[in-house]
Amino acid sequence: MENWITRIVASLCAAGSAALFWTFGVFVAVPWREARLLALNGTELQVIGIPLLIGLAVAWGALHIFAISDRHANPRVYLAIRLALLIVSLAAVMGGMAWTEARIAG
């Protein structure tokens, strides 16, 4: 039972990191579209950088919480969780970018 509680808490953290990565995708879509990612001003850099850095920190924390229950007991499950978190994080960024593009287009 203790492992399931740990997995639930880690899943909540992973969902929070996915939300932060989605927010990053929303804010990076316009500079990406205009090809000016290297010409951001300070405010834009903060708006883009904060969700990215906090999302990375929360995802790192979620992986550490998952490791408490699965790293030694089930190494294959832990590997699958790491891969799933990576895929979900990338999909969240792409989803945020797609959402912003859809709002701009229509």
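The values are calculated or read from the model by the stated rules, or taken from the named source; none is laboratory data. From a predicted model like this one, the values you see are computed outputs, not experimental measurements. All Cβ positions, glycine included, derive from the backbone under ideal geometry; neighbour counts span all protein chains shown. These area figures cover heavy atoms from the full protein model, side chains too; ligands, DNA and RNA do not enter into them. Shrake-Rupley method; radii C 1.70, N 1.55, O 1.52, S 1.80 Å.
Summary table below
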quantity: Pick from segment 1-44, criterion among the charged types (D, E, K, R) and touching a residue at least 60 places away in the same chain (Cβ under 8 Å), ranking: nearest to residue 82 (Cα to Cα); calculated: 7
quantity: Lone qualifier among 21, 27 - being at pLDDT 95 or above and in contact with a Ser or Thr (Cβ under 7 Å, 6 or more places away or on another chain); calculated: 21
quantity: Qualifying residue in segment 45-55 (condition: over 20 Å from residue 82 (Cα atoms), open to solvent by less than 40 Å² (accessible area, probe 1.4 Å), among the aliphatic types (A, V, I, L, M) and in contact with a helix residue (DSSP H, G or I) (Cβ under 7 Å, 6 or more places away or on another chain)); calculated: yes
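So that you can scan it fast, the table gives a plain yes or no per residue for (1) in contact with an Asp or Glu (Cβ under 9 Å, 6 or more places away or on another chain); (2) surrounded by fewer than 16 Cβ atoms within 10 Å (Cβ to Cβ); (3) within 25 Å of residue 6 (Cα to Cα):
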position	(1), (2), (3)
31	yes, no, no
41	no, yes, no
58	no, no, yes
66	no, no, yes
74	no, yes, yes
83	no, yes, yes
86	no, yes, yes
99	no, yes, no
105	no, yes, no
